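Participant: Let me give you the structure first, and then I'll get to my questions.
The values are calculated or read from the model by the stated rules, or taken from the named source; none is laboratory data. The structure displayed is predicted, hence computed values, not measured ones. No Cβ is skipped: glycine too gets one built from the backbone with ideal geometry, and neighbour counts run over all protein chains shown. Just so you know, the surface numbers come from the protein's heavy atoms only, side chains and all, with ligands and any DNA or RNA stripped out. Shrake-Rupley method; radii C 1.70, N 1.55, O 1.52, S 1.80 Å.
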Amino acid sequence: MHQKLMTALAGLALSGAVWAAPAPQVELKTTMGDIVLELDHDKAPKSVDNFLTYVKSGFYKNTIFHRVIDGFMIQGGGYDEKLKGKPTNKPIPLESNNGLTNVKYSLAMARMGDPNSATSQWFINVEDNPGLDAPGPDGTGGYAVFGKVIKGQETVDKIKAVLVDDKGIFQNIPVIPVTVKSATILKTPIQPKQ
């Protein structure tokens, strides 16, 4: 009897090992409403780990959406309201060939011309943007998607519609700043809207 119980418990323990951990979810509280992001660690581990490092450190608190283009995307994660850039960690390697695409409400890493230059900045696609997928029209590998909006799509839609202007080196910057008040990992994941 004891041996059967031990075998059954060992089988349960082994079967538990195959259960996938829930995908990490991050809530962005913004001055225009909340957005919940679900991150895909399986397909974009470096991008997700990088983003979560910034979230855990409080880096995104009081950063702004500094580039908003209706019909394209909304970008944040690098500047405060005074348009001062924040010091970042080392760039991460590009993960754009992961099977995730730049569809509406997907979350991707922003980068410079160098494919391996992404640091803290990210963007949310507000339309399907297949031109941003790997390999990309410029041959540099596209932009790495690492998550999606699962709650707060209406907030994304409000942000994409704000009045923008150009200010110094910034183009398409909201006239009235849209600020990320906090970014936190949800301890209890929510169920995405279907």
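Participant: Of the residues ALA23, ALA183, ALA134, which exhibits the maximal mean-square fluctuation in a Gaussian network model of the chain defined by a 10 Å Cα contact cut-off?
Facilitator: Top of the fluctuation ranking is ALA23.
Participant: Expressed as a rounded percentage, what relative contact order does the chain have, with Cα pairs under 8 Å and six or more residues apart?
Facilitator: So the answer I get is 30 percent.
Participant: What do you get for the angle between helix 45-57 and the principal long axis of the chain? Use alpha-carbon atoms, 0 to 90 degrees, nearest ten.
Facilitator: The angle comes out near 70 degrees.
Participant: Please compute the Kirkwood hydrodynamic radius of region 92-194 from all pairs of different C-alpha atoms, in Å with one decimal.
Facilitator: It is 15.2 Å.
Participant: Please state the charge dipole magnitude for region 25-185, taken about the Cα centre, from unit charges on C-beta atoms (+1 on K and R, -1 on D and E), reported in debye and rounded to the nearest 20.
Facilitator: Dipole about the Cα centre, nearest 20: 580 debye.
Participant: I've got another one for you. Per DSSP H run of at least 4 residues, take -39500 (n - 2.57); add these up for the chain, divide by its residues and hand me the 222 nm value, nearest 500 deg cm²/dmol.
Facilitator: Value at 222 nm, helices only: -6000 deg cm²/dmol.
Participant: Tabulate in residue order the Karplus-calculated ³J(HN,Hα) for region 150-163, using 6.51 cos²θ - 1.76 cosθ + 1.60 with θ = phi - 60°, rounded to whole Hz; enter x for Gly and Pro.
Facilitator: Listing the rounded values in order: 10, 8, x, 4, 5, 5, 4, 5, 5, 5, 5, 9, 6, 6 Hz.
Participant: Right, another one. Using a probe radius of 1.4 Å on heavy atoms only, what accessible surface per residue do you get for region 37-194? Whole Å² is fine.
Facilitator: Here the per-residue accessible area is 51 Å².
Participant: Under Stokes-Einstein, with the Kirkwood radius over Cα pairs standing in for Rh, what whole-number D in µm²/s applies to region 25-185 at 37 °C and 0.692 mPa s?
Facilitator: Estimated diffusion coefficient is 213 µm²/s.
Participant: Once neighbouring chains are kept in place and the probe is 1.4 Å, which whole percent of the accessible area of region 25-185 is contributed by carbon and sulfur?
Facilitator: The computed percentage sits at 53.
Participant: Please report, in whole Å, how far the alpha carbons of region 146-194 spread along each principal axis, starting with the longest.
Facilitator: If we take the Cα atoms of region 146-194, the spans are 41, 22, 20 Å.
Participant: Could you tell me which of GLY85, VAL68, PRO135 has its Cα farthest along the dipole of the chain towards the positive end, charges placed at Cβ (Lys, Arg +1; Asp, Glu -1), taken about the Cα centre?
Facilitator: So the residue we want is GLY85.
Participant: Among ASN98, ILE150, ILE190, whose Cα projects farthest towards the positive end of the dipole of the chain, with charges put on the beta-carbon of Lys, Arg (+1) and Asp, Glu (-1)?
Facilitator: ILE190
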